[in-house]
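Since every read-out is calculated from the coordinates, none of them should be taken as a lab result. Just so it is clear, the structure is predicted and the values come from calculations on it, not from any experiment. Neighbour counts run over all protein chains shown; Cβ positions are idealised from the backbone, glycine included.
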Amino acid sequence: MFWKASCILVLVALLSLVGGCMENRVSRGNDALRIGDYARAVNNFSAVLDDNPLDRDARYGLALSYYAIAEEKERIKAGTTPLWERTVQEFQVLWNVDSSFKIREAYSNSLFYLAKATLSENSHANVLPLLERSIALDSLNYFSFNLKALIYESLNRSEEAKDLYVYIITKEPRFLSAYINLGNVYWHEGDVSSAWDIWSMGLKQDGQNSTLLHWTRVAEDSLKALIDAGRL
Amino acid sequence: MSIIRSIPSGELLHRGGEAALYKVKCGSKLYTLKLYNSGTAYDQKAVEAVAKVAAGSIAGIKNTTGIYRIAEYGTIGENAYVLYDYIDGVSSKELSPMPLEFVLHSLRQAVAALMELQKAGISHGDISPDNVFFDRDGCPVLIDFGIRGPGTLKFSAPERIDGQVPSEKADLFSLGTLFFFWITGDSLFAGSNFDEIRDAIKHANQQRPGEILFGKISSGLNIKPETLSLLEPIWKGTIATEPGSRAESLEELDELLEIALDSLGGQGVRLSRLAEGVREKISGILEKNGTKTLEKVDFPFFEEKKAKNPSLKRWILATAVFIFLVMAAACVFLASGKSPSVDDTGEALLQKSRSHEMELQDSVKMPNLEGVLKKLEPEESE
C-alpha cells in the first residue's frame, strides 16, 4: 500500500511539473507575442499543442500569432492570402475548443482580412460567403459590412449597398468610410444633393478628414454650378 | 474517467416516455444529459458520427455550429445516455411564430448542418420544433440525432410512420412541417388523436399549406398575401406523400429557400433587424425560464465511484491534500510574476487591429484594391 501511494504521489508531482512547464511555455509564447517576436510565440504555442492539442490558451495564442504575422505583412502591402488562410484555419480549429465571443471577434476579423486579400488577388472572386460568415460570427464587424456593400455595388445591387451603409452609419456613426461610400453611390447615380448631404454628415463626425473635406467641397461646387445653370 | 461518473446530481429539464433530460455541471462546464429509460436507446452509428462531425474529426466534412456537440455517450447501469454541451438558448417551439425572412434564413442554416451530416451518411429522423434550439445569437442548433422510433408524429414523414429508417427524403418532409410551424406556431398536420394525425400525414398531398397560411392572415398572421406564391416551390419540395415527389436533395431545398429569401429581399438590413428582434425574444424567454425552480435529482451512478475502503479513502484524502498543496504553491508562484493572459493579448491585438483599420478607413487607403475596391473614391463628375 505504501509503495502504491508513493507511486501516486510521485506521479502527481511529475504531472504538476509537466503542467507547470506547459503553463510556462504558454506564458512565454504570450510574452513573445506581446513584444512582436512572432516566430518565438509560434514555437512556444506549437510545442504546447504538440503535447496537448486541446490546450485552449495555446491554440488561441497560436491563432493570434498567425493573425499578427499576417497583419504585419498587410501593412507593408505584401501578398497575404496564404497567411490569412492559415490564420482562418487555425481559428477554425480553435472554434472546436472554444466558441466564446472573444474568439468570435478575432475570427470574424480574420475572415474579413481573408476576403480583402482574396479580392486583391482576384477582383472577381466570390468572397461573399466569407463575409457572411464573418458577420454571423460578429454582427458588430462593420468592416465586413462595408466590404460586402462595396461588392454589392460592383454587382449593380446599389440599393442593397445603400441599405448596408445606412445600417453601418446608424450603428457606428464614427465609421467614416460608410459616409464616403454612401455619398459615392449617390454621386454615381447623379444625385449630387444627396451625396453632399451624406458627406456633410460624415464631416460632422470628423471635420478634419481630408477625403470628406475634398468631396464635400467638390459636391458643393457642383451644386452651385447646377443652380447657376438653372438645372436645380 | 468518464464525465458522467463525476456528476453527482442534475436539474430535471424534461421527463418523457423515452428519456429524461437533465441540466448538469462538470467543473465549470454545463452539459445536457439525456438519460434513456431502461429498454430504450439511441442509434449507435448515428450518435457516433454526430459526435465526430461536431468535433470536426471527419475529413471532408465541415465542422458546423448548427448541431449539438456530443461530449460523451454510452451506457451506465441499464441506461443509455448522451451527454452534450448545454445550449444556452430556447427551443424553436417556444420561439414560434417567427418572421418569415428570419425563418427562411434559419432553415437554410439548419439545412446546411444537415447537409454536412448527410455526407457522413447520417439523417436526423426526428426533426421537430422541440429538436431545434436557437442560441442567444439566434442561430439554430439541431439536437437529438439517432432516434430509433418513428419520431414526433406531427412532423414525421409518411414512410417513417410505416417504420422505415431515417432518410434524407424523410428529413425533407419534416423540414417542410417545421417550416410551417416556425411561421405559424401551429402544426400543419393536426388531429385530436393518433389515427387522425397519421391519416392527415398519409394524405399529405391533399394539404395546401399556402391556402392554410392565407386563411391565417385574416386571423392575424403577419405575412403579406403576395409572398405566399413564393413559398409554393418549398411546399412542393417537402410536403408530398411519395418520397420521390419531394425535392431531390437537401441541396435542392436549400436553393428553393435561397430563391424565396432573395425574392423577399430578405438578405440585408431587414434580416439583421428581424434577427435582432428574435434575439431579444430569446433573451426574454431565457430570463423568464431562469426564474423557474427545477427539480434536483441525485444520480446513483455517482455513488458507484465513492470509495468504500476506509484506508483507500485515507490515501485518496492524502493525495487530494498533496495536489491541493502543489496547486496552491503553483498559484503563489504564478501570481508572484503574473503576466497578462492570452485573452488580454488577444483583446489588445484586436483593439489595435480595428483602430488601425479605422485609420486606414479614414484615409480611404485600406480598400485600395483593384476592381471592386477602387470604387471607394468618388469619380469626378463630368
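So for the protein assembly as shown: antiparallel DSSP bridges make up what percent, rounded to the nearest 5?
95 percent
Which aspartates and glutamates does B:K352 reach when only Cα atoms under 19 Å apart count, and residues fewer than 8 places away in its own chain are ignored?
The qualifying aspartates and glutamates are A:D31, A:D37, A:E71, A:E72, A:E74, A:E105, A:D138, A:E172, B:D343, B:D344, B:D362.
Which whole-number percent gives the relative contact order of chain A, counting Cα pairs below 8 Å spaced six or more residues apart?
Working: 238 pairs, mean separation 20.0, N = 232.
Relative contact order comes out at 9 percent.
Can you compute the modelled spin-label distance between A:E121 and B:T75, with each label point 7 Å from Cα toward Cβ, in nm?
5.2 nm
Can you compute the label reach from B:D162? Point 7 Å from Cα along the Cβ direction, backbone N cut-off under 18 Å, restricted to the stretch B:207-246.
Once the point is set 7 Å along Cα→Cβ of B:D162, B:207, B:238-246 turn out to lie under 18 Å by backbone N, inside the stretch B:207-246.
Could you tell me which of the pairs A:K204/A:K224; B:K119/B:K169; B:K25/B:K169; B:K29/B:K52; B:K52/B:K288; B:K52/B:K154 are separated by over 26 angstrom between their Cα atoms in the structure shown?
Beyond 26 Å: B:K25/B:K169; B:K52/B:K288; B:K52/B:K154.
Can you work out the base-10 log of I(q)/I(0) for the stretch B:234-301 at q = 0.16, 0.24 1/Å, using the Debye formula on its C-alpha atoms alone?
For the stretch B:234-301 at q = 0.16, 0.24 Å⁻¹, log10 I(q)/I(0) is -0.77, -1.01.
Please work out the Cα convex hull volume for chain A and give it in Å³ per residue.
With only Cα atoms used, chain A gives 149 Å³ per residue.
Work out, step by step, the length gained on full extension between B:F322 and B:E242: first 0.36 nm times the residue separation, then minus their alpha carbon distance; give nm to one decimal. Please report the intermediate quantities before stating the final value.
Numbers: separation 80, 0.36 × 80 = 28.80 nm, distance 6.68 nm.
Here the segment from B:F322 to B:E242 would lengthen by 22.1 nm.
Calculate the translational D of the stretch A:140-232 in whole µm² s⁻¹ from Stokes-Einstein, where the hydrodynamic radius comes from the Kirkwood formula applied to all Cα pairs, the temperature is 37 °C and the viscosity 0.692 mPa s.
Translational D for this selection: 245 µm²/s.
Using only the Cα atoms of the protein assembly as shown, construct the convex hull and provide its projected area averaged over every direction, in square nanometres to one decimal.
34.2 nm²
Would you grab the residues whose amide H sits under 5 Å from the one on B:L13? Only those 5+ places off in sequence or on another chain, please, with H modelled 1.01 Å from N.
B:L21, B:Y22, B:K23
Could you state the per residue volume, in Å³, of the convex hull enclosing the Cα atoms of the stretch B:106-168? Intermediate results must be reported in sequence, preceding the final value.
Values: hull volume 5.2 nm³, N = 63.
Considering the Cα atoms of the stretch B:106-168, their hull volume per residue is 83 Å³.
Please give the FRET efficiency for B:E252 paired with B:A120, using the beta carbon to beta carbon distance and R0 = 22 Å, rounded to the nearest 0.05. Working shown, then result.
On the way: r = 20 Å, r/R0 = 0.89.
With R0 = 22 Å, the Cβ-Cβ based efficiency is 0.65.
Counting other C-beta atoms within 10 Å, which of A:T170, B:T184 has the fewest, and how do the rest follow?
With the fewest neighbours first, A:T170, B:T184 line up as A:T170, B:T184.
Tell me, what does the Kirkwood hydrodynamic radius of the stretch B:4-290 come to in angstroms if you use every pair of distinct C-alpha atoms?
Evaluated over the stretch B:4-290, this radius sits at 19.5 Å.
To the nearest whole number, what is the average tally of beta carbon atoms from other chains within 10 Å of the beta carbons of peptide A:60-70?
Going residue by residue through A:60-70 and averaging, the value is 3.
In nanometres, what is the gap between the two model label sites at A:R56 and B:K25, each 7 Å from Cα along Cα-to-Cβ?
So the two model labels end up 1.6 nm from each other.
Which trypsin sites (Lys or Arg not before Pro) does the stretch B:218-293 hold that lie in a coil by DSSP with at most 13 other beta carbons within 10 Å?
Answer in residue order: B:K292.
Counting Lys and Arg as +1 and Asp and Glu as -1, what is the net charge of the other residues whose Cβ lies under 13 Å from the Cβ of A:Y60?
-4
In whole Å, what is the distance between the alpha-carbon centres of the stretch A:89-117 and the stretch B:159-200?
A separation of 38 Å, based on Cα centres.
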